[in-house]
Amino acid sequence: MKRNFLTLLLLAACCLTKAQVTPATLSDRHAMVRVNEQKQYMLLPIQEKAEMAHIRVIKNNEVVQELNARLAVDKVDYFVPLEINPKISTLKSQPSTLLDFHFNGDRRTKGALKELACWREMKLSDTFDTQNRERFRPLYHHTPVYGWMNDPNGMFYKDGVWHLCYQWNPYGSQWENMTWGHSTSRDLIHWEAQPAPILPDALGTIFSGSCVVDHNNTAGFGAGAVVAFYTSAGESQTQSMAYSTDGGRTFTKYEGNPIITSNVPDFRDPKVFWHEASQRWVMMLAVGQEMQIFSSPNLKQWTLESHFGSEYGCHGGVWECPDLFELPVRGTGQKKWMLVCNINPGFIYGGSATQYFIGQFDGHKFTCESRPEVTKWLDYGKDHYATVTFDNAPSGRRVALAWMSNWQYANEWPVKQFRSANSIPRDLDLFVSEGETYCGVTPSEELLPLRGKPAKQLSEACEVVVNVKGTCDITLENTKGEKLVMHYDAAKQTFSMDRTQSGDVSFNENFSCVTTAPTHGQIKQLRLFIDRCSVEAFDADGHMAMTNLVFPSEPYNQIKVKGGKATIYPIG
């Protein structure tokens, strides 16, 4: 992945200043530190097993930022940068910074507050080292440069650039401090990190949402303005908006926020799109265990149109991250609407997953064509959640990305510098099987140019194409005896993936599993995308998708195929 503003060389010794912090301890939970040096960052030492500490950044007696971090008690896992003096400033000399720390947890078992490791290890610096040292960081999947990532947000295409925002914690590799991170790409594969576009404010942290390109200036921010919608997660969850007039690089928050409120606790994840037939904007909101549909002529004033979901599909957990769009049905000349509903928990193999519904939408109400008890899963692996699609994609494409993890163990990946990745991009359409309409999932065309010349040996980043001849068994393994086993049963029309012996499965009891998917017909060719910590399997005709994480102690370097022939394409 390219790095621009976050890309930094290894820190030279002269760039770091040991903070020599001597905290003013005001109680067994409260301390303050005055920073007078004009360095850009305070590098905070993090210990993931520590209790959360609350930090207030104070300048000129005003709180300019608040965050939570697991400050090191007796061991440092990694550092994160807290910006205390912006690099771009009109001031020749900026005011000193007062850092106000409040610690949670029982300090009696950890020793005196002033003896904590965090005070000894804090560093002042003008740079932050983001060189990748993680053996499980993917080579061709999007990941945050550092820190935690979950749901993809605010995805849109404009002026030849794909924009991907995401739920991000800049102050640790576990969930906390939700804001939007931002990456851009011209090919959906190689991503360049950008500054965070929307930061927490008085209304709360920044939860999931979407962006649209307002071609016709319906909101009055200018033709072609990018308008973002997100959940402000404060005491209650409310919906807010921001707008960009520079193509999505920077955003200005709307002065009338919040734009929609509710007394329901789980009220979030606005997904907005333009409905051509009604000439209005439509917003999908996840509300408890249903979706609510709103409409607006101008993106500012919203009217509740209808509800969907109280009797349909899976209700094992909270409904989240909705999407709604129209897709062509293969071979029919027809189009139908697909409503995406991510749910946590409730998946048949445990934890979080993406279900969907097929039907019709008239600008006011979505009507599902299947029986209420029918549940359709977009991906049958354990690690495919928060699926949403890009706004304004070229050529009428419907391109989706997912968060490649599961809430059962998302905070426990065996990594430190970053945590979580996105799936490969996928193009969606519809197909019919035995009287039911299903979503077709095909790896996006941008992945084809990544293929290197066919190789004889498996590599840590590659695509494997298997031409299948009836029932087929595929095993990926390494010299440590770790293996990932896949089985296609032609008679039963099922595909399974067994990761019980795939490598490190010990970090969470829910990780070791076998997942099985229906194939809706015979598979003639399988496409397997392997990338250090993940394997994504697709029927080449788009009738089946399965995404699972793996953490082998060394890369899989052998493949055994029974009932087919494999071609290995390295991806460098």
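I'd like the full set of residues that are in a loop (DSSP other than H, G, I, E, B) and touching a Gly at 6+ places or on another chain (Cβ under 8 Å), limited to the stretch 502-536.
Passing the criteria: ASN510, CYS513.
In the stretch 467-515, what count of residues is obtained for those that are in contact with a helix residue (DSSP H, G or I) (Cβ under 9 Å, 6 or more places away or on another chain) and aromatic (Phe, Trp, Tyr)?
Residues meeting the conditions: 2.
Would you point out which residue out of GLN501, GLN493, GLN522 is touching a Lys or Arg at 6+ places or on another chain (Cβ under 6 Å) and free of Cβ contacts under 8 Å to residues at least 60 places away in the same chain?
Only one candidate passes the filter, namely GLN501.
Can you find a residue that is open to solvent by 10 Å² or more (accessible area, probe 1.4 Å), more than 29 Å from GLU445 (Cα to Cα) and acidic (Asp, Glu) anywhere in the stretch 504-521?
Checked the stretch 504-521: at least one residue is open to solvent by 10 Å² or more (accessible area, probe 1.4 Å), more than 29 Å from GLU445 (Cα to Cα) and acidic (Asp, Glu).
Go through the stretch 302-324 and give me each residue that's assigned to a strand (DSSP E or B) and closer than 30 Å to SER512 by Cα.
VAL318, TRP319, GLU320, CYS321, PRO322, listed by residue number.
If I ask for residues that are over 15 Å from PHE511 (Cα atoms), open to solvent by less than 30 Å² (accessible area, probe 1.4 Å) and either touching a helix residue (DSSP H, G or I) at 6+ places or on another chain (Cβ under 9 Å) or not hydrophobic (A, V, I, L, M, F, W, C) (or both), which ones from the stretch 400-417 would you list?
Listed by number, the list holds a single entry, TRP403.
Counting only residues that are under 22 Å from the mean Cα position of the chain (by Cα) and in a strand (DSSP E or B), which one in the stretch 245-280 is surrounded by the fewest Cβ atoms within 10 Å (Cβ to Cβ)?
PHE273
From the list LEU327, LEU299, LEU339, exactly one residue is assigned to a loop (DSSP other than H, G, I, E, B) and open to solvent by less than 10 Å² (accessible area, probe 1.4 Å). Which is it?
Matching residue, one of LEU327, LEU299, LEU339: LEU299.
Out of all the residues in the stretch 544-572, which are open to solvent by 50 Å² or more (accessible area, probe 1.4 Å) and either outside any strand (DSSP E or B) or of a type in the set (Lys, Arg) (or both)?
Once the filter is applied, which keeps residues that are open to solvent by 50 Å² or more (accessible area, probe 1.4 Å) and either outside any strand (DSSP E or B) or of a type in the set (Lys, Arg) (or both), the stretch 544-572 yields SER553, PRO555, LYS560, LYS562, LYS565, GLY572.
Being among the charged types (D, E, K, R) and open to solvent by less than 20 Å² (accessible area, probe 1.4 Å) is the filter here; which residues of the stretch 303-324 pass it?
ASP323 - this is the single residue of the stretch 303-324 that is among the charged types (D, E, K, R) and open to solvent by less than 20 Å² (accessible area, probe 1.4 Å).
Under the condition of being open to solvent by 20 Å² or more (accessible area, probe 1.4 Å) and assigned to a loop (DSSP other than H, G, I, E, B), which residue from the stretch 49-67 is farthest from PRO86 (Cα to Cα)?
So, considering only residues that are open to solvent by 20 Å² or more (accessible area, probe 1.4 Å) and assigned to a loop (DSSP other than H, G, I, E, B), the one farthest from PRO86 (Cα to Cα) is LYS49.
Confirm whether MET291 is aliphatic (A, V, I, L, M) and more than 16 Å from LEU378 (Cα to Cα).
So MET291 passes the test.
Residues are listed down the side, and each one gets a yes or a no for (1) acidic (Asp, Glu); (2) part of a loop (DSSP other than H, G, I, E, B); (3) more than 18 Å from the chain's Cα centre (by Cα):
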residue: GLY363; (1), (2), (3): no, yes, yes
residue: THR367; (1), (2), (3): no, no, yes
residue: PRO372; (1), (2), (3): no, yes, yes
residue: ALA400; (1), (2), (3): no, no, no
residue: SER405; (1), (2), (3): no, yes, no
residue: GLN408; (1), (2), (3): no, yes, no
residue: TYR438; (1), (2), (3): no, no, yes
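So GLY470 passes all but one of these: (1) among the small types (Gly, Ala, Ser); (2) part of a loop (DSSP other than H, G, I, E, B); (3) more than 24 Å from the chain's Cα centre (by Cα). Which condition number does it fail?
Condition (2) is where GLY470 drops out.
Looking only at residues in the stretch 234-244 that are among the small types (Gly, Ala, Ser) and not in a strand (DSSP E or B), which one is nearest to GLY160 (Cα to Cα)?
Within the stretch 234-244, the first condition is being among the small types (Gly, Ala, Ser), and the residues that meet it are 234, 236, 240, 242, 244.
Checking the rest, the ones that are also not in a strand (DSSP E or B) come to 234, 236.
Numbers: GLY234: 35, SER236: 37 Å.
Restricting to residues being among the small types (Gly, Ala, Ser) and not in a strand (DSSP E or B), the top hit is GLY234.
Just wondering, is there one or more residues in the stretch 451-463 that are open to solvent by less than 10 Å² (accessible area, probe 1.4 Å), out of contact with any helix residue (DSSP H, G or I) (no Cβ under 7 Å at 6 or more places or on another chain) and among the basic types (Lys, Arg)?
For the stretch 451-463, residues open to solvent by less than 10 Å² (accessible area, probe 1.4 Å), out of contact with any helix residue (DSSP H, G or I) (no Cβ under 7 Å at 6 or more places or on another chain) and among the basic types (Lys, Arg): absent.
Can you give me the number of residues within the stretch 476-491 that are within 19 Å of PHE538 (Cβ to Cβ) and open to solvent by 40 Å² or more (accessible area, probe 1.4 Å)?
Number of matching residues: 2.
Scan the stretch 218-233 for residues that are within 11 Å of THR245 (Cα to Cα), without any contact (Cβ under 8 Å) to a residue 60 or more places away in the chain and open to solvent by 10 Å² or more (accessible area, probe 1.4 Å) and jot them down.
PHE221, GLY222, ALA223 - these are the residues of the stretch 218-233 that are within 11 Å of THR245 (Cα to Cα), without any contact (Cβ under 8 Å) to a residue 60 or more places away in the chain and open to solvent by 10 Å² or more (accessible area, probe 1.4 Å).
Could you tell me which numbered condition ILE348 fails, if it satisfies all but one of (1) open to solvent by 40 Å² or more (accessible area, probe 1.4 Å); (2) over 24 Å from the mean Cα position of the chain (by Cα); (3) on the phi < 0 side of the Ramachandran plot?
Result: ILE348 passes all but (2).
The values are calculated or read from the model by the stated rules, or taken from the named source; none is laboratory data. Just so it is clear, the structure is predicted and the values come from calculations on it, not from any experiment. Cβ coordinates were reconstructed from backbone atoms using ideal geometry, including for glycine residues, and neighbour counts include every protein chain displayed. Keep in mind that these areas ignore ligands, DNA and RNA; they rest on the heavy atoms of the full protein, side chains included. Shrake-Rupley method; radii C 1.70, N 1.55, O 1.52, S 1.80 Å.
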